[in-house]
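The values are calculated or read from the model by the stated rules, or taken from the named source; none is laboratory data. Predicted, not measured: the structure shown is a model, and the values here were computed from it. Note that each Cβ is placed from the backbone with ideal geometry, even for glycine, and that neighbours are counted across all protein chains shown.
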Amino acid sequence: MEGNSHGKRKFFIRAFLFLLILLAGPMLVVSCGEIRLGRDWRTADRSSTGVAPDPAITREAVIQVYSARAFNWRGMFAVHTWIATKGENANGYTVHQVVGWRQLRGLPVLASGPDIPDRSWFGSPPRVIAEIRGDKAEALIPQIQKAVATYPYPERYTTWPGPNSNTFVAHVAREVPELRLELPTTAIGKDYLSNGKLTARAPSGTGYQISLLGLVGVTAATKEGLELNLLGLAFGIDPESLAVKLPGLGNVGLR
């Protein structure tokens, strides 16, 4: 009996330590003020941050992929990602993204249309995680539009493990590998593979991944490095950036 009690104690200690590791990053995100809990979405900032090139003076084609902390408690763990495109000589941007609240209103969750590309995501400022300009961007925009049109879950949204906004951007990246898009480790849902697949190219197109409904999997690629996905949270190493990948924090390294 004493042996069983000792074994149970060791199990609970290990489980507690594992849970502590999972939550350490998200709690640090809150303590550092990167997100603020309890905000009202109706009054949260959605204005332009001035990150996108002004189409009035930038005539070349532009593709940008953005990432911002998800709204409220979700931001402890994850980011929201979206894609903005502007053709050559176009007077504005088209924004492609999946928005979960649209489902509550009976609308398709996939939204693709004219919009401000660099809005704050309900109080969280965006950052550009990929950018292509000029002739290459002009050539890739039709491919992005085709990939948007073939997204298999335009009416469906599930915060965890997916399909969600990051599932959508990952789908576009896999369909257009020339983007060489490395999504943040915190883009929960990126490993939810389309149509129940177990294997696929990594979003960057520089390697491959195995994933079971976005819950358990592994990715090995030149740009992503090595990632282990456990319950949607990713751990890993990124030799290219000399970084480790941690839940809630993303890449932590020298570059």
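Only one of the numbered conditions (1) surrounded by 22 or more Cβ atoms within 10 Å (Cβ to Cβ); (2) of a type in the set (Ser, Thr, Tyr); (3) modelled with pLDDT under 95 is not met by Tyr192, and that is (3). Test Val95 against the stated conditions and say whether it is touching a strand residue (DSSP E or B) at 6+ places or on another chain (Cβ under 9 Å) and touching a residue at least 40 places away in the same chain (Cβ under 8 Å). Judged against the criteria, Val95 is not a match. Any residue that is assigned to a helix (DSSP H, G or I) and among the hydrophobic types (A, V, I, L, M, F, W, C) - is there at least one of those in the range 182-194? The answer is no, given that none of the residues of the range 182-194 is assigned to a helix (DSSP H, G or I) and among the hydrophobic types (A, V, I, L, M, F, W, C). Considering the conditions (1) under 16 Å from Ser165 (Cα atoms); (2) crowded, with 19+ Cβ neighbours inside 10 Å; (3) at pLDDT 95 or above, Thr85 is excluded by exactly one of them, (1). Among the candidates Leu17, Leu23, the residue that is exposed (fewer than 12 other Cβ atoms within 10 Å of the Cβ), modelled with pLDDT under 65, more than 23 Å from Arg127 (Cα to Cα) and out of contact with any Leu (no Cβ under 9 Å at 6 or more places or on another chain) is uniquely Leu17.
Here are Thr222, Thr186: which of them is within 14 Å of the chain's Cα centre (by Cα) and of a type in the set (Val, Ile, Thr)? Give the steps one after another, and end with the answer.
On the way: Thr222 fails: within 14 Å of the chain's Cα centre (by Cα).
Going through Thr222, Thr186 in turn, just one is within 14 Å of the chain's Cα centre (by Cα) and of a type in the set (Val, Ile, Thr): Thr186.
Against the definition (in a helix (DSSP H, G or I), closer than 24 Å to Gly162 by Cα and either at pLDDT 95 or above or of a type outside the set (Lys, Arg) (or both)), how does Ala68 come out, yes or no? No. The single residue among Pro108, Pro161, Pro154 that is assigned to a loop (DSSP other than H, G, I, E, B), in contact (Cβ under 8 Å) with a residue 12 or more places away in the chain and under 15 Å from Leu183 (Cβ atoms) turns out to be Pro161. When Leu228 is tested against (1) in contact with a strand residue (DSSP E or B) (Cβ under 7 Å, 6 or more places away or on another chain); (2) surrounded by fewer than 16 Cβ atoms within 10 Å (Cβ to Cβ); (3) assigned to a helix (DSSP H, G or I), just one condition goes unmet, and that condition is (3). Within the range 242-255, can you find the residues that are on the phi < 0 side of the Ramachandran plot and crowded, with 17+ Cβ neighbours inside 10 Å? Across the range 242-255, the qualifying residues are Ala243, Lys245, Leu246, Pro247, Leu249, Asn251.
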